[in-house]
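Notes follow the structure.
The values are calculated or read from the model by the stated rules, or taken from the named source; none is laboratory data. Note that the coordinates shown come from a computational prediction; the quantities given were computed from them, not determined experimentally. Glycine gets a Cβ as well: all are built from the backbone with ideal geometry, and neighbour counts include every protein chain shown. Areas reflect the complete protein model, heavy atoms only, side chains present, ligands, DNA and RNA absent. Shrake-Rupley method; radii C 1.70, N 1.55, O 1.52, S 1.80 Å.
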Amino acid sequence: MLRKSPLFTSVAIASLALGLGANTAIFGLLDQALLRPLPVKKPHELVLLTSPGVNRGSFTGDNSDRLFSRPLYLDLRDRNQVFSGLIARAPESANLVYQGQSEAVNTELVTGNFFDVLGIRPELGRLLSAHDDVIKNAQPVVVLGYGYWTRRFGGNPSIIGQPVRINNSLMTVIGVAPRDFFGIDVGRVPDVYVPLAMKTAVTPTADGYDDRTFHFLHILGRLKPGVTIQQANASLQVLYKPMLDADLAVMTGNISKRFRDRFLAKVMLLQPGYNGVPTFRENAGTPLYISMAMVGLVLLIACANVANLLVARGLGRQKEIAIRLALGASRRDIVRQLLAESLVLAILGGLAGLLVSLWTSSLMVGSIPGANGGASGLSASLDPRTVAFTFALALLTGLGFGLLPAMQSTRPNVYPTLKDQGGSVIGGFGQIRSRQALVVGQVALSLLLLVGAGLFTRSLMNLRKLDPGFRTANLVVFNFDASRNGYSQPRIHQLYEEIQQRLAAVPGVASASLAEIVPLSGDANTNSIHVQGYEPKTDENMNPNFDAVSPGYFRTMGIPLLAGRDFTLQDKLSAQKVALVNETFAKRYLGTGNPLGRRFGYHGQGAADVEIVGVVKDGKYNTLRDEKMSFIYVPYQQDPDLNSISATVRTLAPPETLMPALRHEIANMDSNLAIWDLRTMDSQVNTSLFAERMTAILCATFGALATVLAFIGLYGVMAFSVARRTREIGIRMALGAGRRRVLGMVLKEVAWMCLIGVGLGVPLAIGLSHYLVSQLYGVAPTDAMTLLFAISTMICVSLVAGFVPARRAAGIDPNIALRYE
């Protein structure tokens with residue numbers, strides 16, 4: 001039956017393929033990022049440890065509530081009664097040198113029991129074990145991630161037992177992690193796994209191995225059989241109290257009674273850890289859920305289109321169905337046959353949707369920062385869960401769009417239909433109303449998507465128009481770390497000065513400078529301070545952001561100096577400690593007086609010994625969404641533990657043309673000094689807006705797709721309506737109705753459907769848009785311009801869709817129309 005109507009079948013399958021393919025693509029990413037359990041033994045037994053509340057010390061990671069020190073990990077591991085195993089990991093970056101080639105790699109510091117507790121077997125060789133993590137710096141061994149093994153070493157099994165250099169330490173490759181294990185932090189795939197006891201080799205300038213105030217570990221536990229999260233929570237509180245006492249005892253600086261009481265009142269909380277550390281989920285979860293909701297609406301519109309086609313097809317098959325009923329077929333039998341045809345359409349649409357999803361997923365995964373080369377661990381390939389989702393959704397939609405047309409098509413008036421009287425003046429009135437109702441729903445849903453697309457697009461445009469406080473054009477940035485190559489601190493300071501001078505001398509370079517943190521990279525460095533002459537308010541946050549920069553940094557970045565002076569080469573480690581602060585810092589802590597010469601100090605380091613020598617303009621530091629924050633710049637030469645640093649180079653020519661020369665200059669100074677993340681500042685801004693760009697692009701794409709589907713649906717209804725009313729229109733014209741009146745009559749019907757759809761869609765869009773407030777910037781959910789754009793777009797699309805059938809109606813010849821049917 002479907003083969004007899006190739007146009008109907010192809011249009012229906014194409015509509016479903018677009019709707020199902022978009023849903024499959026988004027679900028595939030959402031499943032990998034948010035839903036899928038880790039590929040480990042009994043993942044639902046895993047829990048992630050968190051401890052929300054006040055804290056003090058150094059924090060290296062994404063969320064201080066789930067960062068712990070190694071001494072606290074050991075206390076929990078050795079004293080608990082609820083875990084069959086407790087593991088810890090810390091994401092780091094290091095240089096790996098093999099056969100003279102140096103490369104920056106994602107490094108995972110893990111406890112020796114990491115793989116054993118997760119129940120993971122090696123792809124090759126052996127994995128880390130408990131005896132690899134007993135004595136500090138005693139076991140220089142490394143396990144390669146499967147992706148890195150195949151990418152860097154070509155999957156060569158002879159790498160087992162071979163030496164590689166991690167930073168400045170020689171280590172032996174003992175194994176390869178399994179193919180399907182991408183670590184426990186989705187979005188960050190480790191290249192190498194190193195025992196936690198070798199931390200000094202990976203982070204030579206930031207040990208903190210035995211420091212209770214150095215928080216850098218994520219801790220996951222595997223519950224013992226029969227132990228619930230609630231029971232484990234209750235048991236841990238008893239253990240946690242003396243550990244907090246031990247942490248408090250080693251804290252330095254002025255500790256108020258209020259802080260002490262709040263710190264000691266903290267509790268240890270467990271949350272499900274079956275899908276690992278939620279860093280990527282927290283960053284990408286909301287955009288993915290929004291995208292999933294939008295592709296769901298697109299699928300509804302596609303289903304409405306197919307339902308419209310089925311209603312029209314049912315009207316064309318009324319005589320066939322009447323004959324079947326007259327010959328004794330039951331209505332149930334015919335409904336079952338029509339539903340079977342709908343399910344076949346849905347399955348074919350699902351198969352085509354899988355192809356659409358492969359193309360769509362490849363584009364989406366390829367656009368994710370760090371996704372190329374498998375760095376993100378996200379895949380565009382289909383897996384059994386995604387395929388099962390597609391066909392379950394296809395069967396559901398097949399029943400959804402097929403049931404109403406099937407019920408309507410099996411209710412013909414048998415006697416008049418068999419006498420060929422079905423095409424009366426306005427035959428199929430009920431079916432026409434059903435099709436009109438479906439189109440009204442399409443218009444409403446399309447308007448909803450257009451409003452969402454408009455809001456996200458305007459939000460992205462507002463972010464793009466923001467002044468970040470520096471000039472992004474013709475600016476190149478990249479990272480390197482001389483501490484990984486075994487340089488002493490005096491030599492690192494000297495080398496960094498030489499690198500800055502050599503980069504500035506490259507032809508085509510206007511200026512060059514160094515900084516520990518790249519603006520808008522999401523990295524942040526904070527420290528607790530006390531300001532001379534300033535009395536903090538109760539519970540006031542005295543932890544401004546910091547960056548250590550070189551002389552000339554503000555000129556290179558284009559950051560205006562408002563008062564005082566820049567850093568100079570004389571601001572060295574042995575000189576007076578100095579700093580520049582931004583406007584917000586000066587207003588908040590220094591009042592309206594002259595900020596120059598004022599001082600502040602670091603908690604736990606005695607008096608206020610850092611002199612403020614300048615004030616610079618406010619800017620954006622972590623993200624473009626930042627509210628105004630206090631910021632301090634210090635000379636990197638006064639940092640006693642220099643490690644990773646970023647070069648910022650202002651070019652006279654297009655920045656991409658100078659990148660090879662900059663890379664070559666670093667290699668000339670030290671061929672083993674790996675650089676990474678070589679990019680322009682414009683691309684850095686784009687990366688920082690990835691979630692906003694992806695959401696806006698997807699919403700605009702889905703909004704456009706929904707509008708096209710609504711256009712097709714509206715055109716189909718009006719074309720069918722005109723065809724069914726040919727005799728009626730002929731009579732009207734024979735009785736004196738002019739072409740203009742017939743044209744207006746048809747367009748009036750189009751306008752009513754559009755206005756009803758808009759009337760339903762506007763309040764729905766306003767109501768749902770309030771849930772998007774946290775994702776918007778500089779635009780209200782009820783933005784009049786966005787609503788006007790969406791409404792005018794739908795009205796124009798509706799009128800264009802209705803104009804062709806209306807023109808055809810106005811051109812009907814009454815003589816031919818009166819002989820119609």
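Which residue is farthest from L447 (Cα to Cα), if the candidates are limited to the stretch 662-707 and must be at pLDDT 90 or above and charged (D, E, K, R)?
E665
Counting just the residues of the stretch 625-653 that are among the basic types (K, R) and either under 27 Å from the mean Cα position of the chain (by Cα) or outside any strand (DSSP E or B) (or both), which one comes out nearest to N474 (Cα to Cα)?
R625
Scanning for something in a helix (DSSP H, G or I), open to solvent by less than 60 Å² (accessible area, probe 1.4 Å), in contact (Cβ under 8 Å) with a residue 12 or more places away in the chain and charged (D, E, K, R), does the stretch 722-732 turn up at least one residue?
The answer is yes, given that some residue of the stretch 722-732 is in a helix (DSSP H, G or I), open to solvent by less than 60 Å² (accessible area, probe 1.4 Å), in contact (Cβ under 8 Å) with a residue 12 or more places away in the chain and charged (D, E, K, R).
Where residues in the stretch 219-242 are touching a helix residue (DSSP H, G or I) at 6+ places or on another chain (Cβ under 6 Å) and not β-branched (V, I, T), which of them is nearest to D185 (Cα to Cα)?
The extreme case among them is R222.
Is it true that N474 is within 24 Å of the chain's Cα centre (by Cα), open to solvent by 30 Å² or more (accessible area, probe 1.4 Å) and farther than 30 Å from K257 by Cβ?
Against the criterion (within 24 Å of the chain's Cα centre (by Cα), open to solvent by 30 Å² or more (accessible area, probe 1.4 Å) and farther than 30 Å from K257 by Cβ), N474 does not qualify.
Condition first: of a type outside the set (V, I, T), open to solvent by less than 30 Å² (accessible area, probe 1.4 Å) and under 21 Å from the mean Cα position of the chain (by Cα). Can you find one or more residues in the stretch 241-257 that meet it?
The answer is no, given that none of the residues of the stretch 241-257 is of a type outside the set (V, I, T), open to solvent by less than 30 Å² (accessible area, probe 1.4 Å) and under 21 Å from the mean Cα position of the chain (by Cα).
Do we have F690 as open to solvent by 20 Å² or more (accessible area, probe 1.4 Å), aromatic (F, W, Y) and over 25 Å from A453 (Cα atoms) here?
No; evaluated as a whole, the condition is false for this residue.
Looking at the stretch 157-171, which of its residues are open to solvent by less than 70 Å² (accessible area, probe 1.4 Å), assigned to a loop (DSSP other than H, G, I, E, B) and under 17 Å from Q101 (Cβ atoms)?
Matches in the stretch 157-171: N167 only.
Condition first: open to solvent by less than 30 Å² (accessible area, probe 1.4 Å), among the small types (G, A, S) and part of a helix (DSSP H, G or I). Can you find one or more residues in the stretch 752-762 that meet it?
yes
Name the single residue that is nearest to the chain's Cα centre (by Cα) among those in the stretch 70-112 being open to solvent by 40 Å² or more (accessible area, probe 1.4 Å) and basic (K, R).
R77
Of all residues in the stretch 767-811, which are β-branched (V, I, T) and crowded, with 16+ Cβ neighbours inside 10 Å?
Once the filter is applied, which keeps residues that are β-branched (V, I, T) and crowded, with 16+ Cβ neighbours inside 10 Å, the stretch 767-811 yields V779, T786, I791, T793, I795, V797.
Starting from residues that are open to solvent by less than 50 Å² (accessible area, probe 1.4 Å) and in contact with a strand residue (DSSP E or B) (Cβ under 6 Å, 6 or more places away or on another chain), keep the ones in the stretch 586-601 and report whichever is farthest from V549 (Cα to Cα). Quick ask: steps written out before the conclusion?
Of the residues in the stretch 586-601, the ones open to solvent by less than 50 Å² (accessible area, probe 1.4 Å) are 586, 589-591, 593, 595, 597, 600-601.
After this cut, where a residue has to be in contact with a strand residue (DSSP E or B) (Cβ under 6 Å, 6 or more places away or on another chain) as well, the list is 586, 589, 595, 600-601.
Numbers: A586: 19, Y589: 22, P595: 20, F600: 18, G601: 18 Å.
So, considering only residues that are open to solvent by less than 50 Å² (accessible area, probe 1.4 Å) and in contact with a strand residue (DSSP E or B) (Cβ under 6 Å, 6 or more places away or on another chain), the one farthest from V549 (Cα to Cα) is Y589.
Only strands (runs of 3 or more DSSP E) wholly contained in the stretch 15-121 count here; list those with 3 or more residues that are in contact with a Phe, Trp or Tyr (Cβ under 9 Å, 6 or more places away or on another chain) and within 30 Å of A482 (Cβ to Cβ).
Details: elements: 46-50, 83-98, 101-110.
Strands (runs of 3 or more DSSP E) meeting the threshold: 83-98, 101-110.
What pairs come out if I take residues in the stretch 255-283 that are touching a residue at least 24 places away in the same chain (Cβ under 8 Å) and within 20 Å of V117 (Cβ to Cβ) and pair them with residues that are outside any loop (DSSP other than H, G, I, E, B) and of a type in the set (F, W, Y) whose C-beta lies under 7 Å away, six or more apart or interchain?
M268/Y240
Scan the stretch 249-298 for residues that are within 30 Å of V440 (Cα to Cα) and in contact with a Gly (Cβ under 6 Å, 6 or more places away or on another chain) and jot them down.
Within the stretch 249-298, V298 is the sole residue that qualifies.
Would you be able to tell me the number of residues in the stretch 100-149 that are in contact with a Gly (Cβ under 9 Å, 6 or more places away or on another chain), touching a residue at least 40 places away in the same chain (Cβ under 8 Å) and of a type in the set (S, T, N, Q)?
Going through the stretch 100-149 one residue at a time, the tally reaches 2.
Out of the residues in the stretch 122-153 meeting the condition of being small (G, A, S) and within 32 Å of the chain's Cα centre (by Cα), tell me which one is surrounded by the fewest Cβ atoms within 10 Å (Cβ to Cβ).
G147
Right, S409: more than 23 Å from the chain's Cα centre (by Cα) and at pLDDT below 80 or not? Spell out how you get there, then give the answer.
Values: more than 23 Å from the chain's Cα centre (by Cα): yes; at pLDDT below 80: yes.
Yes: the conditions hold for S409.
Read through the list (1) more than 30 Å from G221 (Cα to Cα); (2) of a type outside the set (D, E, K, R); (3) open to solvent by 50 Å² or more (accessible area, probe 1.4 Å), then give the number of the only condition that A265 fails.
(1)
The rows are residues; the columns are (1) open to solvent by 20 Å² or more (accessible area, probe 1.4 Å); (2) touching a residue at least 40 places away in the same chain (Cβ under 8 Å).
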{"site": "L2", "(1), (2)": "yes, yes"}
{"site": "L7", "(1), (2)": "yes, no"}
{"site": "A22", "(1), (2)": "no, yes"}
{"site": "I26", "(1), (2)": "no, yes"}
{"site": "L38", "(1), (2)": "no, yes"}
{"site": "T50", "(1), (2)": "no, yes"}
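Looking at (1) closer than 24 Å to G19 by Cβ; (2) open to solvent by 60 Å² or more (accessible area, probe 1.4 Å); (3) without any contact (Cβ under 8 Å) to a residue 60 or more places away in the chain, find the lone condition where R741 falls short.
It is condition (1) that R741 fails.
In the stretch 315-337, how many residues are part of a helix (DSSP H, G or I) and open to solvent by 10 Å² or more (accessible area, probe 1.4 Å)?
Here the count works out to 15.
Could you check how many residues of the stretch 514-551 are over 25 Å from the mean Cα position of the chain (by Cα), open to solvent by 50 Å² or more (accessible area, probe 1.4 Å) and among the hydrophobic types (A, V, I, L, M, F, W, C)?
Residues meeting the conditions: 0.
Residue-wise test of (1) closer than 30 Å to M292 by Cα; (2) open to solvent by less than 30 Å² (accessible area, probe 1.4 Å); (3) not β-branched (V, I, T).
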site: P654; (1), (2), (3): no, no, yes
site: N668; (1), (2), (3): no, no, yes
site: A674; (1), (2), (3): no, yes, yes
site: S683; (1), (2), (3): yes, no, yes
site: A704; (1), (2), (3): yes, no, yes
